[in-house]
1. Hey, can you rank 316-326, 30-40, 203-213 by average C-beta count inside 10 Å, highest first?
2. Can you pull a Stokes-Einstein diffusion coefficient for the stretch 394-461 at 4 °C (1.567 mPa s), Rh from Kirkwood over Cα pairs, as a whole number of µm²/s?
3. I need to check one value: relative contact order of the chain, counting alpha carbon pairs closer than 8 Å and at least 6 residues apart, in percent.
4. How big is D, in µm² s⁻¹, for the stretch 1-127 by Stokes-Einstein at 37 °C and 0.692 mPa s if Rh is the Kirkwood radius over C-alpha pairs?
5. What's the exposure ranking of L335, L132, L148, going from fewest to most Cβ atoms within 10 Å?
6. Which of the cysteines found in the chain have nothing to pair with, since no other Cys Cβ lies under 4.7 Å from theirs?
7. Ranking request for peptides 4-11, 165-172: highest mean number of other beta-carbon atoms within 10 Å first, then the rest in descending order.
8. Based solely on its DSSP helices, what 222 nm [θ] is calculated for the chain when runs of n ≥ 4 H residues each add -39,500 (n - 2.57) and the sum is averaged over all residues, nearest 500 deg cm²/dmol?
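Derivation of every value follows stated rules applied to the coordinates shown; laboratory data play no part. Note that the structure is predicted; figures quoted are calculated from it, not measured. Reconstructed Cβ throughout: ideal geometry from the backbone, glycine too, with neighbour counts over all protein chains shown.
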Amino acid sequence: MPAFMIAAAHKSSGKTVISTGLSYALSAQDFRVQCFKKGPDYIDPMWLSAASGGACYNLDFNSMGNGELATLFASRSAGADISLVEANKGLYDGVDVLGSDSNAQMAKLLEMPVVLVIDSNGITRGIAPLLLGYQAFDREVNIAGIILNKVGGERHEAKLIAAVKEYTDIVVLGAVHRNKELDIGERHLGLTTPGETGELEQTIKRFGQIIGQSVDMDRLNSIANIHILPSNAPPYTQQAEKRSVGDVVRIGVIRDEAFGFYYADDLEAFGDAGADLIEIDALNDQHLPDIDGLFIGGGFPEMRAAALMKNSKLRGEINRAIKNGLPTYAECGGLMYLCHSLTFEGQSYKMAGAIEADAKMHKRPQGRGYVSFRENELHPWGMENACHAHEFHYASLKNIAPDTKFVRQVSKGFGIDGTRDGIVLNNLVAGFCHLRHTQENPWVNRFVEFVRSNVERRGAA
């Protein structure tokens, strides 16, 4: 099972551009490429998915155990010609000082070679001790090759390659020179999303052509073929069959330019739980479709706040549906959309108004990182003792109604007010935490079962 990890010495080294370009270049050679992203990330997987033409899956130690990670990797890689895992931050970075959640640990868990992207801006001979240190730090990590990135020119490239060859045994797979055509814009939540470029296909094709011409693809394939299927992955079995047609429920999911933060395997879990997902465009659709439940993920509602406000018909229908008991789950951007208003850069915009609060964007993050919480008996889907999630929001809630009820007690992270998250109203749960459907917290199953029981109660009534 050919596979490799793209990692770096530190963040902002160009991993996503390199990974996107390699995914496109390999796909252009008729390889079926399966992409993965290490850690809780929504935007990088969008780029990788667009380049490979298939779903990209997240591998996160925070919410998944080793066996679950290995099984997800093995199951989604089945049938692929080559798999690519893009790391987050640096190769040895992580929350745990001992590295138990690092990219290096993921590479060892999945028994795959690492290709290190080196931001070579301002460095020549100094690349040698950097590489030697990275090799010596953990001999169990197989740094099988490097890609020099942001190279200043032919002379700079020659000096770098000479230093690597003189002092190390690491293969230089290629050199990518500084090029404005390889830039991806950044904003408060990180990289811009693929759809915002305005020229998605042309942008990714350009990445693929430049990276493909700069990297020795044959040698890269040779390195990928070092990989073997993780020995710690339990035998993969097909997921549970979908429920009978009579049990199927219809759940709306808002996916558009404002809301796009969804995990691929979470969406797949809805089908496995017996739900049909009905996509809704909050910017353009005037009416809610015939649905039994609603899921609003995160995204950038602040960037499209004017358009969201303009679509007053849909905002009104969502407000009324929630007040009438429509089972609804909203995360982060979805929470902000359900408030009375959203303030961004000094301008206030009307939102759906289902939640008695106002959302306000700030210049600094209000909550960022991993979250741990416990649920209480007010949770309409039933109570879970301990859950791990993540948050990344520049927004806070103001003017929260005094009688607002919460279903999550936060022990790590910030949530809505530093100690609580998960506003509950009728059959709505909305918070800043981003959940992941895992063995620890199969939230999709819980939500679908709640939607189904609500449908059955309505039918009985």
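1. Peptide ranking by packing, descending: 30-40, 203-213, 316-326.
2. Values: Rh = 13.9 Å.
Using the Kirkwood radius from Cα pairs, D works out to 93 µm²/s.
3. Computed over the chain, the figure is 13 percent.
4. Details: Rh = 14.7 Å.
Here the translational diffusion coefficient equals 224 µm²/s.
5. L132, L148, L335
6. That list is C332, C339, C387, C433.
7. Ranked from most to least packed, the peptides come out as 4-11, 165-172.
8. Working: 13 runs with 142 residues, N = 461.
Helix-only estimate at 222 nm: -9500 deg cm²/dmol.
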